[in-house]
Amino acid sequence: TVINMLSKTKPLILFFLASLITLNTFSLTLYISPTGSDKNAGTEESPLASLQGARDKLRLLKKDLKQENIEVIIASGNYFMNEPVLFTPEDGGNSMITVKYTADSVDRPVFYGGMQIKGFEIVNEGLWKVYIPEVRRFGFSFEQLYINNMRAIRAQFPNKGFYQPTAVLETVIDKGEKRVSDFAQQKISLRPEQVLLFNKLSPADLANAVVTFYHKWDNTRKKILHYNQADTAFYITGQGMKPWNKMDSQTLFTIENVKAGLDAPGEWFLEESGYLYYIPREGETIANTTCFVPVENKFLIIEGTKEEKVENLYFENISFQVAGYKMPETGNEPMQAAASLEATVMVDYATKIGFLNCEIAHTGSNAIWFRKSCSYSKVEHCYLHDLGAGGVKIGEIKITDGNENTTNIVVTNNIIRNGGYVFPCAVALIIFTGSDNELTYNEIANFKYSGVSVGWVWGYAESSAKRNKVDFNHIHHLGWGVLSDMGGVYTLGPSEGTTVSNNVIHHVYSTSYGGWGLYTDEGSTGIVMENNLVYSCKSSAFHQHYGKENIIRNNIFYNQIRSQLEATREEPHIGFRFTNNIIYYSTGNLAGIRWDKCNFISDYNAYWDTRTKNIMVAKKTFAEWQRSGKDVHSIIADPDFVNPSALDFRIQNKSLLSKIKFKVFDYTKAGVHGTPEWKELAKFNTGLAKEFDEIVASHENGEAK
């Protein structure tokens, strides 16, 4: 076997610098090509065919290597994965050796975790079908479908909006010993128009239908156990409802995987016969359409052990597309942030793992999870989109078995958007138990729940989520009037040393309560939130449920919809310090729920209501509010923004700056940076922005369901 054992030729000027960077200096090179074979030598002339093939070849070659860095060069093209690729400690490097899988940065190779479906035929002008023999032969099935690089919609009711029940009644069958019953039945009582729909559903539709419930911050997904036409209700079973978040008459729900619902462009339905039916969108023809169905639910598994971690393993310029998720027969119980749901890339017991300029798209679950005992790893300049759940998860839900904490994970300069399609309660970026991690300069948009979540302890119990940075992110268009109790940045538990700074957060809209920009929830402690620009959020720019020793300073809060500031729980200690902020508004109230009741320090702020100088804090005049000891040195003054309606928040009232000790910050630095093409890709779709505004308007006008 002939392998190129020489370093790549480089210009002399760059050679010395490159030699100082271990990651860019290689002495063993393998090649992968769509036209290759895993029986080949792995040279450029005789390339391998898969990631598995390269991994296995390296396992043989590395036995004879001492200090050689390794590069696997992947040719552009399409690769189809038969199973997730497992990388163990023998597949990575060590403190002296780096293993890097890399490709062309412009024409990235695509690794598919699914198969392409061809052979559609026209049933009629508005309906296609294709036969998939694997469905009948092997019982193959799938719950996601991707047409022309877009997620198609499994046939459902309603096509837009949601249903609401008249009532939800639970019967506990096995109470068990916990707060949540081990087994119970829920009766979902229907409204008259829903009864008419259910009466038209075939027995097959009723047996296969999946109902997704949206209640506060959770989702429940279930099959219908029984429909009773006489009592106008259907029944589901599973765990008992959580006492703190039950389903009720305000719960939203949809019904999918019903053939009767195949009635709108972009919808699909798979019969047990093997026929897949699809209603094409405008402009789609059989000739110009590509169709993929997921086969696998993961792309990569990077798995070390407590004794030996996977180390120094990097992936660059690679696209991973099409992965699925299948609901278990018992359904999905409610689970905040879809916390335990795994990702298409799972990383456990690993250090110095990197993803640079990669893409993960069209998934049924999360993109990447650095879970158990991970450290010093990075996700940079990656495009994570069309996700069944969230983007990047960090740390364990609960550290067990003496595992080390996950630390020093950097997620920076990524575009993470269009997610939560299977699990709407998922979060774009979430840190559970990790410490010293950095979430910076990311573009985060179009999720149904929070954009960033940090901490996983409720109350003041000890938490290992310390010193995390959530800085310079652009976070927007969240909620969509679907779930509640969310924030652009959401924190939980003691998080001393954590910063939430220099972010731009806007357009956060819940279905009922809790569309907040900055949200310090239960027990949040020791967090500094400064230099943030927050605007166009439903409930308020900042809300603290309860916590202590948090600092909210030097922020610009502009035009939230209902209120500008809110707090919830009265506690004997100081909950937070609210200083040096500018609050400017022409809609809603200054103070929402219990702002005037809670224990906090507030001073050196500037307030400006464009409608009146007689600002009220709840029922108190501003003078009365100051006499109570709050905002003694604060002022009512117009910051004189250059053009706030055009989001130009440069401050022209210079005297205000000195009066409240405000330090000017450059909010335009939030979000991604780099080439014009990368910044252009990060721009939000104007059609989606318009759709979001229409949803907000319908809710505010009392029209939405």
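The values are calculated or read from the model by the stated rules, or taken from the named source; none is laboratory data. What you see is a predicted model; the values in this text were computed from it and never measured. Ideal geometry is used to build each Cβ from the backbone, glycine not excepted, and the neighbour counts take in all protein chains shown. Accessible surface areas use protein heavy atoms only, side chains included; no ligands, DNA or RNA. Shrake-Rupley method; radii C 1.70, N 1.55, O 1.52, S 1.80 Å.
Key figures
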quantity: Cross-link reach list, aspartates and glutamates versus LYS654, counting only Cα pairs under 12 Å and skipping chain neighbours closer than eight places; calculated: ASP638, ASP640
quantity: Extension reserve of the ASN614-THR587 stretch, reckoned as 0.36 nm per residue once the Cα distance is removed; calculated: 8.3 nm
quantity: Modelled FRET efficiency - R0 25 Å, ARG467 with LYS663, Cβ distances, 0.05 increments; calculated: 0.65
quantity: Theoretical gain in end-to-end length, GLU170 to ALA260 [0.36 nm per residue, Cα-Cα removed]; calculated: 29.5 nm
quantity: Cα-derived Rg to Rh of the range 423-567, Kirkwood definition; calculated: 0.92
quantity: Amide H contacts of MET335 (H built 1.01 Å from N, under 5 Å, at least 5 apart or other chain); calculated: ASN219
quantity: For the range 612-681, diffusion coefficient by Stokes-Einstein and Kirkwood Rh (Cα), 10 °C, 1.306 mPa s, µm²/s; calculated: 104
quantity: Distance between modelled label sites at GLU694 and HIS573, nm, 7 Å Cα→Cβ extension; calculated: 4.9
quantity: Within the chain, helix-based [θ] at 222 nm, where runs of 4 or more DSSP H residues each add -39,500 (n - 2.57), nearest 500; calculated: -3000 deg cm²/dmol
quantity: Carbon and sulfur %, accessible surface of the chain computed with the full protein complex present, 1.4 Å; calculated: 52
quantity: Mean projected area (nm²) of the alpha-carbon convex hull when the range 556-607 is viewed from all directions; calculated: 3.3
quantity: Lys/Arg +1, Asp/Glu -1 at C-beta; the chain dipole; positive extreme among MET81, ALA264, TRP456; calculated: TRP456
quantity: Calculated Rg and Dmax of the chain using C-alpha coordinates, Å; calculated: 26.9, 85
quantity: Segment SER76-LEU60, length gained on full extension (0.36 nm per residue, minus Cα span); calculated: 3.2 nm
quantity: Cβ-based charge dipole, the chain, positive-most Cα from SER512, ILE695, LEU127; calculated: SER512
quantity: Dimensionless Rg ratio for the range 100-141, taking C-alpha atoms and the 2.2 N^0.38 Å reference; calculated: 1.84
quantity: FRET E, pair SER512, SER202, Förster distance 30 Å, beta-carbon r, rounded to 0.05; calculated: 0.30
quantity: Given charges at beta-carbon only (K, R positive; D, E negative), |dipole| of the chain in Debye; calculated: 1240
quantity: For the chain: relative contact order, % (alpha-carbon pairs under 8 angstrom, 6 or more apart); calculated: 8
quantity: At q = 0.10, 0.12, 0.13, 0.16 Å⁻¹, base-10 log of I(q)/I(0) for the range 42-162 (Debye sum, equal scatterers on each alpha carbon); calculated: -0.53, -0.69, -0.76, -0.95
quantity: Gap separating the Cα centres of the range 262-337 and the range 491-526, nearest whole Å; calculated: 31
quantity: Total lysine pairs whose alpha carbons fall under 26 Å of each other in the range 143-220 (8 or more apart, or interchain); calculated: 9
quantity: Backbone N under 17 Å from the VAL130 label point (7 Å along Cα→Cβ), restricted to the range 152-178; calculated: 152-155
quantity: Ordering of 533-540, 628-635 by packing [mean C-beta count within 10 Å, highest first]; calculated: 533-540, 628-635
quantity: Cα Rg, Dmax, the range 368-509, angstrom units; calculated: 13.8, 41
quantity: Cβ charges +1 (Lys, Arg) and -1 (Asp, Glu), total dipole of the range 79-196, debye; calculated: 420
quantity: Over the range 28-104, equivalent-ellipsoid semi-axes from the Cα gyration tensor in Å; calculated: 20, 13, 11
quantity: Local net charge near CYS358, Cβ-Cβ under 12 Å (Lys/Arg +1, Asp/Glu -1); calculated: -1
quantity: Radius ratio Rg over Rh of the range 186-226, counting only Cα atoms, Kirkwood formula for Rh; calculated: 0.99
quantity: Proximal lysine pairs, the range 357-482, alpha carbons under 24 Å, eight or more residues apart or interchain; calculated: 14
quantity: Accessible surface ranking that places the most exposed of GLU125, GLU68 first, with a 1.4 angstrom probe; calculated: GLU125, GLU68
quantity: Euclidean distance of C-alpha centroids, the range 191-240 and the range 531-594, integer Å; calculated: 40
quantity: The range 658-701: Cα Rg divided by the 2.2 N^0.38 Å rule of thumb; calculated: 1.83
quantity: Volume in Å³ per residue [convex hull over Cα atoms, computed for the range 288-386]; calculated: 131
quantity: Debye, to nearest 20: dipole size of the range 281-343, +1 on Lys, Arg Cβ, -1 on Asp, Glu Cβ; calculated: 120
quantity: Top positive-direction residue, dipole computed over the chain with Cβ charges, set ILE475, VAL110, THR406; calculated: ILE475
quantity: Average projection area in nm² (convex hull over Cα atoms of the range 514-622, one quarter of hull surface); calculated: 5.8
quantity: Two-decimal log10 I(q)/I(0) for the range 242-338, as the Debye equation yields it once each C-alpha is a single scatterer, q = 0.10, 0.20 Å⁻¹; calculated: -0.57, -1.23
quantity: Efficiency of FRET from Cβ geometry, LEU681 and SER105, R₀ 22 Å, rounded to 0.05; calculated: 0.95
